[in-house]
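J.: Got a structure here, written out as structure tokens. Questions coming.
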Amino acid sequence: MLGEVAEAVAASIAEQAAEHAVTILWHSGEPLATPIDQFMRLLQPFESLRQEGRVQHNVQSNGMLIDEAWCDIFIEYEFSIGISIDGPEQANANRINWAGRPIFPQLQRGITMLRERNIDFRAICTVSPQTVHDPSALLSFFDELGCREVGFNVEEIEGINVDRPHIDEAAVEEFWSGVVAHQIAGTGVQVREVQNITDYLTLARAGQKQKWLDARHEPGPAVSWDGRVVLMSPELLGVTAPHHEDFVVGNILRESIPSILARAHEVGYVSEFMQGLAGCESTCPFWSMCRGAHASNRYFETGTFATTETAHCRNTRQAPTVALAAALQ
């Protein structure tokens, strides 16, 4: 990333009202491949904002490059850490380095380093056809891994991942039943998807359901290395779509993010997405909890943002909700 892009992002955050804290997620590819000195320079424009409590840094990494120097940065700048790991070693066979060798041993070393330095981290796991049939083995692995939370992404078509294998919906339903049973037992790691549902139920039972329903959708501006901005999903960056101008809505070197967001309603694919949300609200029994699937899944599965139900909906919103409801009856 160009230094002037980081400076422009920081300036955009400074434009906003001080009570609105902003999470900056460093990801896309492997952010820790950035030389540490360069990464430190990119952090500096945000430092006064971070010290004022207006910025929180997050990083999503495969973990293989984590060492003492990176841990020092995580601690000094109070990073929230996400590690992409798909379970035990055999489940990570497709995670390889440029030489074609598995990265799992280096990934384990990185996680060990985080634990030795008492740095909390969460995990994101892609559930594959190989792991979907044994949720207890996956959960046992993450129980022992030491992460604070794990999120399960069922294998899906998204971005450049257009050739992913299909997972039978019955297998997905059984997977979530196993996950819910593990969560109800209350002996292991917190699961993101189950926690989201219980957060909703907690508000509903406290008579505060409207607070959940009133929450707005995050615009999710994603900024590329050269300042291009897309909205709603970082997976849209770098995707060729002439009818949507490749999803680029501006460049932060010429226009601030608040200015871009102020005219977001005029962007064609944003309007399409809002049509899709309206369709969800009027037709889907899961709407009040779900509030609509991710924009990128709609587009990559169907070619439009105006669609309603997607495989992502069924696999990561509906199936865990049904599993939890069945377990609580």
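J.: For segment 89-100, indicate whether the set of residues that are under 18 Å from Leu114 (Cβ atoms) and assigned to a loop (DSSP other than H, G, I, E, B) is non-empty.
T.: Yes, segment 89-100 contains a residue that is under 18 Å from Leu114 (Cβ atoms) and assigned to a loop (DSSP other than H, G, I, E, B).
J.: Out of the residues in segment 229-247 meeting the condition of being β-branched (Val, Ile, Thr) and buried (at least 18 other Cβ atoms within 10 Å of the Cβ), tell me which one is farthest from Val5 (Cα to Cα).
T.: For segment 229-247, the residue satisfying everything is Val230.
J.: From the set of residues in segment 110-119 that are touching a residue at least 40 places away in the same chain (Cβ under 8 Å) and either out of contact with any strand residue (DSSP E or B) (no Cβ under 7 Å at 6 or more places or on another chain) or in a strand (DSSP E or B) (or both), which is farthest from Leu32 (Cα to Cα)?
T.: Per the criteria, the residue is Arg117.
J.: Among the residues that make up segment 272-293, is at least one of them touching a Pro at 6+ places or on another chain (Cβ under 9 Å) and among the small types (Gly, Ala, Ser)?
T.: Looking through segment 272-293, none of the residues is touching a Pro at 6+ places or on another chain (Cβ under 9 Å) and among the small types (Gly, Ala, Ser).
J.: Tally up the residues in segment 245-275 that are free of Cβ contacts under 8 Å to residues at least 40 places away in the same chain, assigned to a helix (DSSP H, G or I) and either on the phi > 0 side of the Ramachandran plot or not hydroxyl-bearing (Ser, Thr, Tyr) (or both), please.
T.: The qualifying residues number 12.
J.: Quick one: count up the residues across segment 23-71 that are part of a loop (DSSP other than H, G, I, E, B) and surrounded by 12 or more Cβ atoms within 10 Å (Cβ to Cβ).
T.: Number of matching residues: 11.
J.: Of the conditions (1) touching an Asp or Glu at 6+ places or on another chain (Cβ under 9 Å); (2) buried (at least 16 other Cβ atoms within 10 Å of the Cβ); (3) under 20 Å from Val239 (Cβ atoms), Glu272 clears all except one; give me its number.
T.: (1)
J.: For segment 185-237, which positions are part of a helix (DSSP H, G or I), of a type in the set (A, V, I, L, M, F, W, C) and in contact with a helix residue (DSSP H, G or I) (Cβ under 6 Å, 6 or more places away or on another chain)?
T.: Result: Val194, Ile197, Leu203, Trp212, Leu236.
J.: Could you count how many residues in segment 190-228 are in contact with a Leu (Cβ under 7 Å, 6 or more places away or on another chain) and either surrounded by fewer than 18 Cβ atoms within 10 Å (Cβ to Cβ) or among the hydrophobic types (A, V, I, L, M, F, W, C) (or both)?
T.: Residues meeting the conditions: 10.
J.: Return the residues of segment 294-329 that are under 19 Å from Ile197 (Cα atoms), small (Gly, Ala, Ser) and touching an Asp or Glu at 6+ places or on another chain (Cβ under 8 Å); say none if nothing qualifies.
T.: Ala311, Ala319, Ala323
J.: Something else: Taking the residues in segment 156-200 that are more than 19 Å from the chain's Cα centre (by Cα) and at pLDDT below 85 as candidates, determine which candidate is farthest from His294 (Cα to Cα).
T.: Applying the filter and picking the extreme gives Thr187.
J.: In segment 275-304, how many residues are hydroxyl-bearing (Ser, Thr, Tyr) and either in contact with a strand residue (DSSP E or B) (Cβ under 7 Å, 6 or more places away or on another chain) or crowded, with 16+ Cβ neighbours inside 10 Å (or both)?
T.: 3
J.: While we're looking at this one, here's another question. Would it be correct to say that Phe305 is hydrophobic (A, V, I, L, M, F, W, C) and more than 16 Å from Ala204 (Cβ to Cβ)?
T.: yes
J.: While we're on this one: Given the options Thr307, Thr321, name the one that is under 21 Å from Ala241 (Cα atoms) and either out of contact with any strand residue (DSSP E or B) (no Cβ under 6 Å at 6 or more places or on another chain) or modelled with pLDDT under 90 (or both). Explain how you work it out, then say what you get.
T.: Numbers: Thr321 fails: under 21 Å from Ala241 (Cα atoms).
Exactly one residue qualifies, and that residue is Thr307.
J.: Looking at segment 192-221, I want the residues that are within 22 Å of Leu261 (Cα to Cα) and have a partner that is hydroxyl-bearing (Ser, Thr, Tyr) with Cβ atoms under 7 Å, at least 6 apart or on another chain. Which pairs are those?
T.: Sorted first by the residue in segment 192-221, then by its partner, the pairs are Leu213/Ser288; Gly220/Ser233.
J.: Next question, about the same structure. Only one residue in Phe142, Phe152 is within 29 Å of His57 (Cα to Cα), in contact (Cβ under 8 Å) with a residue 60 or more places away in the chain, surrounded by 14 or more Cβ atoms within 10 Å (Cβ to Cβ) and within 20 Å of the chain's Cα centre (by Cα). Which one?
T.: Result of the check over Phe142, Phe152: Phe152.
J.: Given (1) among the small types (Gly, Ala, Ser); (2) over 21 Å from the mean Cα position of the chain (by Cα); (3) surrounded by fewer than 19 Cβ atoms within 10 Å (Cβ to Cβ), where does Gly250 come up short, assuming only one miss?
T.: Failing condition for Gly250: (3).
The values are calculated or read from the model by the stated rules, or taken from the named source; none is laboratory data. The shown structure was predicted, so the numbers you read here are calculated from the model rather than taken from an experiment. Ideal geometry is used to build each Cβ from the backbone, glycine not excepted, and the neighbour counts take in all protein chains shown.
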